[in-house]
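Take a look at the structure below.
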Amino acid sequence: MNSLPAINYQSLSSEPAAQQLDELTELYSEVYAGPPYAWGPEHAQLFRERFEVQRQQEGYRLITAREHSHLVAFGFGVTLQPTTLWWRNLVAPLPEKITAEHPGRTWALVELLVRAPWRRQHVAETIHDMLLTSRPEERATLTVLPAATPAVAAYRKWGWYKVGEKRNPLPGAPVFAVMIRNLRLE
């Protein structure tokens, strides 16, 4: 019987996260170079630029996963502000009851990435659960490429549901599904 290698999960605040930006970007580039994305260096550069802003936003949280010292996965997000651009670029308008933001309403899962050899070992699920545990917001949101069927299936299994579609402001970006998950019991 083979045992899985020990994965070490760590929650990082803004400054320690900034010190790992090169390593995070390398993993980002690796994961998004493959299908169904095929994103190039311009996306990695945009990731770096956005990360520098996002890591300083309210509600920022990053979880990394390492096997020994090797980064195998990470996920992070931020709390949406009332002035957020998150709900722009929708393919079809959504009701204001979905898109209206007030302080503390929504936490956005910005990235959740796992290197191929560590997929299907519950690494993404562990990071996901660590990120969402004890969030004070009412709900969480994310975008996912519909062609990334394993990710879509995982999010559905974890309680997310699709509310609409949007085109992210990335060069040549396809249409993404916008999903929500309630964080409080109804």
Qualifying position, being farther than 19 Å from S14 by Cβ, acidic (D, E) and without any contact (Cβ under 8 Å) to a residue 24 or more places away in the chain, among E138, E101: E101
Residue that is surrounded by 13 or more Cβ atoms within 10 Å (Cβ to Cβ), of a type in the set (F, W, Y) and at pLDDT 95 or above, where the choices are Y60, Y37, Y32: Y60
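To keep it simple, each residue is scored yes or no on (1) of a type in the set (F, W, Y); (2) assigned to a strand (DSSP E or B).
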| position | (1), (2) |
| --- | --- |
| G104 | no, no |
| L112 | no, yes |
| E137 | no, no |
| A140 | no, yes |
| Y155 | yes, no |
| G159 | no, no |
| G164 | no, yes |
| R181 | no, yes |
| R184 | no, no |
Top-ranked residue in region 114-129 [being without any contact (Cβ under 8 Å) to a residue 40 or more places away in the chain and in a loop (DSSP other than H, G, I, E, B); ranked as surrounded by the fewest Cβ atoms within 10 Å (Cβ to Cβ)]: R120
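Please specify each residue of region 87-97 satisfying the condition of being in contact with a strand residue (DSSP E or B) (Cβ under 6 Å, 6 or more places away or on another chain) and either modelled with pLDDT of 95 or more or among the aliphatic types (A, V, I, L, M) (or both). Steps first, answer last, please.
Residues of region 87-97 in contact with a strand residue (DSSP E or B) (Cβ under 6 Å, 6 or more places away or on another chain): 89-91, 94.
Correct list: L90, V91, L94.
Of all residues in region 1-39, which are farther than 20 Å from R66 by Cα and either among the hydroxyl-bearing types (S, T, Y) or in contact with a Phe, Trp or Tyr (Cβ under 9 Å, 6 or more places away or on another chain) (or both)? Walk me through it before giving the result.
Taking region 1-39 as the starting set, the residues that turn out to be farther than 20 Å from R66 by Cα are 1, 33-39.
A33, Y37, A38, W39, listed by residue number.
Could you tell me which residue of region 65-102 is nearest to L27 (Cα to Cα), considering only residues that are in a strand (DSSP E or B) and among the charged types (D, E, K, R)?
Top of the filtered list is R66.
The values are calculated or read from the model by the stated rules, or taken from the named source; none is laboratory data. What you see is a predicted model, and the numbers here were worked out from it, not measured in a lab. As a convention, Cβ positions derive from the backbone with ideal geometry for all residues, glycine included, and neighbour counts pool all protein chains shown.
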